[in-house]
Amino acid sequence: MRKSLLTLGLLAATSAPVMAADYTDGDIHKNDYKWMQFNLMGAFNEKGAGAESSHDYLEMEFGGRSGIFDLYGYVDVFNLLSNPSSDKAGEEKIFMKFAPRMSLDAMTKKDLSFGPVEELYVATLMEWGGNSGVNSQKIGLGSDVNVPWLGKIGLNFYGTYDSNQKDWNGYQVSTNWFKPFYFFENGSFISYQGYIDYQFGMKEEYSSASNGGAMFNGIYWHSDRYAVGYGLKLYHNVYGFEDGETTPWGAVSDSSGVGHYVSVTYKF
């Protein structure tokens, strides 16, 4: 079963109260759905471990629900035309993120909701950059929380294992949201969507900053098959790199500031 983002947006914007997941009847597949889309992206003044970067990339983004599993993920392919003058020339070509969560409510067939918390999960997050780049795995406690105006958001707390260093290195709090707020007569709508990833407690031997993160704020127009959007991303010592510090490989990190993203989307 496929629910488009248009359908999900309409459900999220309904005036009816948001109800907690209820699997006490044993039917753990009644809320199943899946979606996939391709995003052609342009990044401008992106921050990171080295100099800021402006580049193109293609993103395959997907998610859904099947029984106890709730999944979000994407695969990014950088410098699509292998342009030698691109900021990404000679760098890693692919970045992948997979974030499966396992519902404790569905596993126990009990209603574990309380207050604004609608559902609890064992949350995981896996990120790979290829070669000697990002290679981390996170595990912790996840939740769906109902908040004023935004509606249901994901809120997860993880411990981080750095597979390159073969050691645990700090913690991460992540949240994400999708809020349709203006609807057109043809059923399309404009949404405010984004996320926050904040890391803290990182070890000095692996990171020049003990804490840092990013917040993405996107305004998107959605139809059932297409989307067009702009996102403003705020960075602070992202990935544990102190802004202006020289990295072990000799680059000066530009890890704090503002980046801009534009995208055109086709939904399957």
Study note, to complete from the structure: Net charge near Leu120 (other residues with Cβ under 14 Å of its Cβ; Lys, Arg +1; Asp, Glu -1) is -3
**Study point:** Surrounding net charge for Ser54, when Lys and Arg each add one and Asp and Glu each subtract one, Cβ distance under 10 Å
**Key:** -3
**Study point:** Gain upon complete extension [Glu204, Val117; 0.36 nm per residue less C-alpha separation]
**Key:** 27.9 nm
Check your understanding: Setting aside same-chain residues fewer than 8 positions from Lys30, which lysines have a Cα under 19 Å from its Cα?
Key -> Lys3, Lys109, Lys110, Lys152
Revision key, fill the gap. Restricting to lysines and to Cα separations under 29 Å from Lys93, and discarding same-chain partners fewer than 8 apart, the set is Lys34, Lys47, Lys138, Lys166, Lys203, Lys233, Lys267
Check your understanding: With contacts defined as alpha carbon pairs under 8 Å and 6 or more residues apart, what's the relative contact order of the stretch 27-139 in percent?
Key -> 19
Exercise for review: Quick one: what are the phi-derived ³J(HN,Hα) couplings along the stretch 189-194, Karplus 6.51/-1.76/1.60 with θ = phi - 60°, whole Hz, x for glycine and proline?
Suggested key: 8, 10, 10, 9, 9, x
Exercise for review: Using +1 at the Cβ of each Lys and Arg and -1 at the Cβ of each Asp and Glu in the stretch 5-267, identify which of Ser208, Tyr266, Ala89 lies farthest towards the dipole's positive end.
Suggested key: Tyr266
Exercise for review: May I ask for the equivalent-ellipsoid semi-axes of the chain, computed as the square root of five times each C-alpha gyration tensor eigenvalue and listed largest first in whole Å?
Suggested key: 32, 24, 16
Revision key, fill the gap. Extension length gain for Gln137 and Thr24 (0.36 nm per residue less Cα distance), in nm, is 37.5 nm
Review point. With the Cα gyration tensor of the stretch 86-219 giving a ≥ b ≥ c as the square roots of its eigenvalues, does the rule (a/c under 1.5 for rounded; else a/b larger than b/c for prolate; else oblate) give rounded, prolate or oblate?
Key: oblate
Study note, to complete from the structure: Distance in nm between Ile190 and Leu80 label points, each 7 Å along Cα→Cβ, equals 2.6
Check your understanding: Quick one: net charge of Gly194's neighbours, Cβ under 10 Å, K/R +1, D/E -1?
Key -> +2
Practice item. Could you check which residue among Gly64, Gly244, Gly142 shows the biggest mean-square fluctuation in a GNM of the chain with a 10 Å Cα cutoff? Key: Gly244
**Study point:** Length released on extending from Asn217 to Thr246, taking residue separation times 0.36 nm less the Cα-Cα span
**Key:** 7.6 nm
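Quick note: the coordinates plus some simple rules give every number you see, no bench work behind them. These numbers were taken from a predicted model, which means no experiment stands behind them. Neighbour counts are summed over all protein chains in view; Cβ atoms, including those assigned to glycine, are modelled from backbone coordinates with ideal geometry.
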